[in-house]
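Participant: Below are the structure tokens for one structure; questions will follow.
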Amino acid sequence: MSSPRRTLLRRALVADDGQEGGEAALSVAPFIAEHLARSLTVVHAIDVPRPEETAGSPDDVLDYRVVLERRAVAWLEGRIAERFGEAASNVHGVVYLGDPSRVVRRTAEDLEAELIVVGPHHREHLFDFGGTQGALFSGTSCHVWSQPATFEGVDEVLAPVDLSPRSMRSLEVARDVAETLGVGLRVLYASAPPQFADAATMYGEVPSPTYVVDAMHEAARVRFDDAMAEFDRRGVERVETEFAIAEPVSAILEVQGPNRLAVLGTRGHTGIAAAIFGGVTYAVLRAGKGPVLAVHA
């Protein structure tokens, strides 16, 4: 008897809005179902008014909702069959009426999902995270995989760190993903120029004590090297470390691409978008250069 395949997650949920975001999310769903999650559910939400919210006949509105839901179920089953082929029998599709972000959050809670997969919410071709995506990030304790475009595979996992407890927990998730997928792990530390160096320009030309700045970067490099020497790499065969003297966002976007999964931490469950994600994570998500796994660490 063959042993069950090793998976990192028990349950994953894919949010399909039937538009560009749903197409991107569904493009990565078979990969996640094959490599990362034991169980996968695709959820589609229909945001239509309730009978009591309309001026027309409540019975007519109720009939409309019933017919619409039935057709949506058949439509979703067709999409799943097309995307997953023979593996479609192992994928569950559900349709609910209601606000998309609330539907997805509630379904994730009911299923005890550990991962939600979303596509982009574009406004002028940029991630704004003011709609379903922002609500999901701020209202769920799941990890969230953001797929900005059609999935092209994962050749490497990118783990930016600042050595804070949150980023080190995200690094552990990145390591586990890399181990499960059998790909390499790249750990990136970006040492930003100290703030006092920028502040000095307010007062005109001031001789810069470059040796002080250099010493700060060197101290950061030593801390990074020490942390990586102690880090448990487990079964990841290829682990590369990179130290960059640059702003973190610039350093991440310099190496991120469509085949490199960036694993980044988020700050919590409330607040405006930048506060939800943290400034670095938010900027990387907005750039949309590649898939991002936002970890609630």
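Participant: Excluding residue 190 itself, calculate the net charge of residues whose Cβ lies under 10 Å from the Cβ of residue 190, where each Lys or Arg counts +1 and each Asp or Glu counts -1.
Facilitator: Charge balance in the 10 Å sphere: -4.
Participant: Where does the charge balance sit around residue 224 when Lys and Arg score +1, Asp and Glu -1, over other residues with C-beta under 14 Å from its C-beta?
Facilitator: Surrounding charge for residue 224 is -4.
Participant: Now for a different question. Sort 88-94, 144-150, 11-17 for me by packing, meaning the mean count of neighbouring Cβ atoms within 10 Å per residue, highest on top.
Facilitator: Descending packing order for the listed peptides: 11-17, 144-150, 88-94.
Any read-out appearing in this document is the output of simple, stated calculations on the displayed coordinates, not a laboratory observation. Remember, it's a predicted structure, so these values are computed and weren't measured experimentally. So basically every Cβ, Gly included, is an ideal-geometry build from the backbone, and we count neighbours across all protein chains shown.
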